[in-house]
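Worksheet: one structure, shown below.
Values quoted throughout were computed directly from the atomic coordinates according to the rules given, and no laboratory measurement underlies them. This structure is a prediction, so every number in the text was calculated from the model and none was measured. Reconstructed Cβ throughout: ideal geometry from the backbone, glycine too, with neighbour counts over all protein chains shown.
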Amino acid sequence: MSVLILAEHDGLALKPATRRVVGAAGFWQQPVELLVIGPAVVANEAACLAGVQRVLHVDSDAMPVAEDLAPLLVDLMHERKVLLAAHSSLARDVLPRVAALLDVAMIGDVVRITGPASYVCPLYAGRLLASMTSRDAIQVLTVRAPLFAPVGESQAVPVFALPALASGGASRRVAVNRQVSERPQLASARIVVSGGRALGEKFDAVLAPLAETLGAAVGATRAAVDAGFAANELQVGQTGVVVAPAIYLAVGLSGAAQHLAGMSDSEVIVAINQDLEAPIFKVADYGLVGDLFEVVPAVTRAIQQLQERQA
Ligand SMILES: Cc1cc2nc3c(=O)[nH]c(=O)nc-3n(C[C@H](O)[C@H](O)[C@H](O)COP(=O)(O)OP(=O)(O)OC[C@H]3O[C@@H](n4cnc5c(N)ncnc54)[C@H](O)[C@@H]3O)c2cc1C
């Protein structure tokens, strides 16, 4: 039996979540293999992760679409028992197809592994936690990566080249728009400053100075994204990115269940909202009731002054 992990990267380096998925794979105490579809530099980085016995590498400029990737994973899983990936948009696209083709259950967003085939997963946008045991011979699952400890470095293990993937499914990738940002990646940031619909057109103008001052990533609610105030990839929540930072600053957002599903594992939650009854205050460790357009610039200035004094 071995555990196969679908590695994720940005074309240059592994995403931090992959190190955490390898950490989760340690539970099985079985050989761990990483599948890297991307440039050789990423495969070589993957080969140095502690706990990985072997890297399978498909040399490729871009991640294939799910329809082209699923058949490869299905082939590989005929000799393996566990297929694991971070609960990312890529895995949410590919792994259910793999599970369907293998005729096994897809187990999504695992927050705890309690046995070789037993898991805890949130249901109903995190309102319930379900303990489940799978009877399938092959386990296909995504894990909530921030909740698992990352692995470090080790001596490089062998990298095996696999043939290029065939394409020709109904979908094809038209373009890849890569955002270049100095800010930390949302999924792995230590501090996240997240904004809601209330920020309107001033989303960036109000939040960017605070995020830069704190060295934080910026997140958003679906309402802010749908209204065009924030970019799609910033969405935190049930249908967005799942985060678990040390500090989550929730600004002008109500705290809908679907948003909480993506951030309620944050260590400390700070909410700024003008409505004392907003649900976000029920999960917040610290709450500030006020108009965000006054509060956020004032807080930003206060932190900057503190930083200047300490410099
Ligand atoms: C299937 C499904 C999946 C979904 N997935 C997601 C998801 O992944 N992520 C997500 O976020 N949502 C998701 N949603 C949407 C979710 O239900 C909410 O509609 C959304 O999160 C609300 O966004 P919001 O908090 O920005 O807006 P609102 O609910 O409109 O809240 C705005 C808040 O701003 C406050 N406010 C207004 N003005 C100010 C001011 N000047 N100063 C301070 N506070 C102010 C208000 O008091 C209010 O609490 C999903 C919904 C469905 C049905």
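Listing for the model above:
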quantity: Electrostatic dipole magnitude of the chain [Cβ: Lys, Arg +1; Asp, Glu -1; Cα centre; debye, to 20]; calculated: 440
quantity: Inter-probe distance in nm under a simple model that places probes 7 Å from Cα toward Cβ, at residue 227 and residue 285; calculated: 2.9
quantity: Proximal charge balance of residue 73 [Cβ under 13 Å; K/R count +1, D/E count -1]; calculated: -4
quantity: Full-extension gain in nm, residue 120 to residue 202, via 0.36 nm per residue minus C-alpha separation; calculated: 25.6 nm
quantity: Normalised contact order of the chain, rounded percent, pairs of Cα under 8 Å and 6 or more residues apart; calculated: 15
quantity: Protection proxy ranking of 224-233, 262-271, 186-195, 300-309 - average other beta-carbon atoms within 10 Å, highest first; calculated: 186-195, 262-271, 224-233, 300-309
quantity: Positive dipole terminus of region 186-310, leading residue within 239, 225, 196 (C-beta point charges); calculated: 239
quantity: Cα gyration tensor, region 186-310 - rounded (a/c under 1.5), prolate or oblate; calculated: rounded
quantity: 9 Å beta-carbon shell around residue 218, net charge (K/R +1, D/E -1); calculated: 0
quantity: Simple spin-label estimate for residue 258 and residue 155 in nanometres, 7 Å along Cα-Cβ; calculated: 5.1
quantity: Net charge of neighbours whose Cβ lies under 9 Å from the Cβ of residue 147, counting Lys and Arg as +1 and Asp and Glu as -1; calculated: +2
quantity: FRET efficiency estimate (nearest 0.05) - Cβ-Cβ, residue 137 to residue 171, R0 35 angstrom; calculated: 0.75
quantity: Choice from 70, 166, 220 with maximal GNM fluctuation in the chain (Cα, 10 Å cutoff); calculated: 166
quantity: Proximal aspartates and glutamates relative to residue 282, as straight alpha-carbon distance under 20 Å, when same-chain residues fewer than 8 apart are discounted; calculated: 265, 267, 291
quantity: For region 272-310 and region 90-165, distance of Cα centres in Å; calculated: 37
quantity: Gyration tensor verdict on region 3-162 (Cα atoms; rounded if a/c is under 1.5, prolate if a/b is larger than b/c, oblate otherwise); calculated: prolate
quantity: Where only C-alpha atoms are counted, convex hull volume of the chain per residue in Å³; calculated: 144
quantity: Choice from 147, 292, 128 with maximal GNM fluctuation in the chain (Cα, 10 Å cutoff); calculated: 128
quantity: Cα→Cβ-extended label distance, 7 Å offset, between residue 181 and residue 67, nm; calculated: 3.1
quantity: Listed residues 271, 115, 210: farthest to the positive end of the dipole of the chain (Cβ charges); calculated: 115
